[in-house]
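In what follows, a structure is listed as structure tokens, so that the remarks can point back to it.
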Amino acid sequence: MVGFIRSNRRSTVLLWVWFILFGLASLWVTFHLVQNDVSKYQHYANRALTPPWFHYWPPEYPVLSQGVFLLPRLLPWSYRLSFALVTLVALLGLLQIGLKRHGVKWGLKLMGYLSAGAIGLFSQRYDIVPSLCAFWALDQAQQQHWKRAWMGSVLGFGLKLWPAMLWPVFLIQEWRETQRWHWDRLAYSLLAVGVLMGLPVLTDPRQSFTAWEYLLSRPIEVESVAASISVLLGHFHLFYSYGSVNVQAHGWVRLISLMLTGFGGVSVIWVWWQQSRGRIDLADSAILTLLLVLLASKIFSPQYLIWLAPWLALKKGNVFFILGFMTTTAEFPIAWMYWPTRVLVLVIARNAWMLFGTGFFAAHAGLFSLRRKSPTNSNRKLFPTFSIKD
């Protein structure tokens, strides 16, 4: 018992030392590997505070993102330093939420994933904030606090859209636990989303739903799986637009992207079906949904790994994901800055590792099994007990 306590204390000390070192490294990156995103955030904040106030909204991000962009303006330091501190405070909040229920081991795995895949951009993206909301939502769902879970997902949606992927997962899981479909929660969430998306109408109708339009208009990003397949097939060229490097391949890349999107949609429906049959649990369904959407999407930017890291830390380590995270950092920002001729090779390698990791994770989670998951499985401590009726 004494040895366990000492070991736990050492792990706790290691975690907070790791957090401090990660924070220092992130601050170093902020000023030595300067990226344009923070300048864009500052521009949006300045425009919002230009009279008449709040008549301008970020064109490619949902409404609540403006609040994140304005936060650094409240601090007495430069916007770039203040924004980096905001991201580290958000990470601290995430650790505080996760450590209470999932322990130090979860925190160490989270820091490991972030250090491997996001150290080069963590402090220059706001993705940790919607990730915090989404993780809190999933954590509340695991405790059957459904109102809080849906609220967290709506807040996350208001920051960066993708936490809406949790809604079908929550709907199915609550049905399994109560034997009743709670369509009212979905309706309230959609109503809240409508209010959030409609706020710009009060100032300028032309700014309504711009985040959706921006997303739909974007071409195939070079870091997507569709782009990697197109590159392997040859006859492609790169161009810059919408803040990223994109791929064209004489029409093939769009066809490949559409086929991947269709396959991803069918795969996600299969995940939800397996969850409804009790063959995979809540967290596995959420993780697989996000993984499949990212792999099938026309955009798979490096910062999206920040979304995955807290959820993956709930599960056993996956060597393919670790390699995928590490290859992401090797690709961006390192290769883009110092070895651009090898960027495409690293992107293809990253996507291959993530595909292998997803397949391995799905098999381990029991996605292809015809048997229901036993209530005595290894993840029992992470989930509340519920009965499964035939």
Seminar exercise, completed: Inside region 321-354, the number of residues satisfying the requirement of being touching a residue at least 12 places away in the same chain (Cβ under 8 Å) and not in a helix (DSSP H, G or I) is 0
For this session: Residues being of a type in the set (Gly, Ala, Ser), in contact (Cβ under 8 Å) with a residue 24 or more places away in the chain and open to solvent by 20 Å² or more (accessible area, probe 1.4 Å): count how many of those fall in region 48-88.
Result: 0
Problem set entry | Tally, over region 89-128, of residues that are open to solvent by 30 Å² or more (accessible area, probe 1.4 Å) and either among the basic types (Lys, Arg) or farther than 23 Å from GLN142 by Cα (or both) | 7
Exercise. Take the residues of region 164-191 that are of a type in the set (Phe, Trp, Tyr) and under 22 Å from the mean Cα position of the chain (by Cα): which is most open to solvent (accessible area, probe 1.4 Å)?
Worked result: TRP167
Exercise. Of (1) of a type in the set (Lys, Arg); (2) free of Cβ contacts under 8 Å to residues at least 60 places away in the same chain; (3) closer than 26 Å to GLN66 by Cβ, LYS160 satisfies all except one. Which?
Worked result: (2)
Exercise. Which residues, taken from region 192-236, are among the β-branched types (Val, Ile, Thr), exposed (fewer than 13 other Cβ atoms within 10 Å of the Cβ) and under 25 Å from the mean Cα position of the chain (by Cα)?
Worked result: VAL195
For this session: Could you tell me whether LEU291 is within 18 Å of VAL169 (Cα to Cα) and either without any contact (Cβ under 8 Å) to a residue 40 or more places away in the chain or of a type in the set (A, V, I, L, M) (or both)?
Result: yes
Exercise. Does LEU314 satisfy the criteria of being in a helix (DSSP H, G or I), under 29 Å from ALA90 (Cβ atoms), in contact (Cβ under 8 Å) with a residue 12 or more places away in the chain and touching a Gly at 6+ places or on another chain (Cβ under 9 Å)?
Worked result: no
Problem set entry | Of all residues in region 132-159 being part of a helix (DSSP H, G or I) and open to solvent by 30 Å² or more (accessible area, probe 1.4 Å), the one that is farthest from GLY107 (Cα to Cα) | LYS147
Seminar exercise, completed: Within region 247-276, restricting to residues that are open to solvent by 60 Å² or more (accessible area, probe 1.4 Å) and free of Cβ contacts under 8 Å to residues at least 12 places away in the same chain, the one that is nearest to TRP175 (Cα to Cα) is TRP273
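Look through ALA90, ALA141 and report the one residue that is within 25 Å of GLY324 (Cα to Cα) and small (Gly, Ala, Ser). Please lay out each step first, then the result.
Values: ALA141 fails: within 25 Å of GLY324 (Cα to Cα).
The conditions single out ALA90.
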Problem set entry | Checklist (1) modelled with pLDDT under 95; (2) open to solvent by 30 Å² or more (accessible area, probe 1.4 Å); (3) under 26 Å from GLU60 (Cα atoms) applied to PHE368, failing item | (3)
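Residue by residue, here is whether (1) farther than 27 Å from ALA313 by Cα; (2) over 16 Å from the mean Cα position of the chain (by Cα); (3) modelled with pLDDT of 95 or more; (4) among the acidic types (Asp, Glu) holds:
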{"position": "PRO59", "(1), (2), (3), (4)": "yes, yes, no, no"}
{"position": "SER65", "(1), (2), (3), (4)": "no, no, yes, no"}
{"position": "SER78", "(1), (2), (3), (4)": "yes, yes, yes, no"}
{"position": "ALA84", "(1), (2), (3), (4)": "no, yes, yes, no"}
{"position": "ALA90", "(1), (2), (3), (4)": "no, no, yes, no"}
{"position": "LEU94", "(1), (2), (3), (4)": "no, no, yes, no"}
{"position": "LEU99", "(1), (2), (3), (4)": "no, yes, yes, no"}
{"position": "HIS102", "(1), (2), (3), (4)": "no, yes, yes, no"}
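Residue-wise test of (1) among the β-branched types (Val, Ile, Thr); (2) at pLDDT 95 or above; (3) open to solvent by less than 20 Å² (accessible area, probe 1.4 Å); (4) in contact with a Leu (Cβ under 6 Å, 6 or more places away or on another chain).
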site: GLY317; (1), (2), (3), (4): no, no, no, no
site: ILE334; (1), (2), (3), (4): yes, no, no, no
site: TYR338; (1), (2), (3), (4): no, no, no, no
site: PHE360; (1), (2), (3), (4): no, yes, no, no
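The values are calculated or read from the model by the stated rules, or taken from the named source; none is laboratory data. These figures come from a predicted structure and were not determined experimentally. Positions of Cβ are generated from backbone atoms using ideal geometry, with glycine treated the same way; all protein chains shown enter the neighbour counts. For the accessible areas, the whole protein counts, side chains as well, though only heavy atoms, and no ligand, DNA or RNA atoms are used. Shrake-Rupley method; radii C 1.70, N 1.55, O 1.52, S 1.80 Å.
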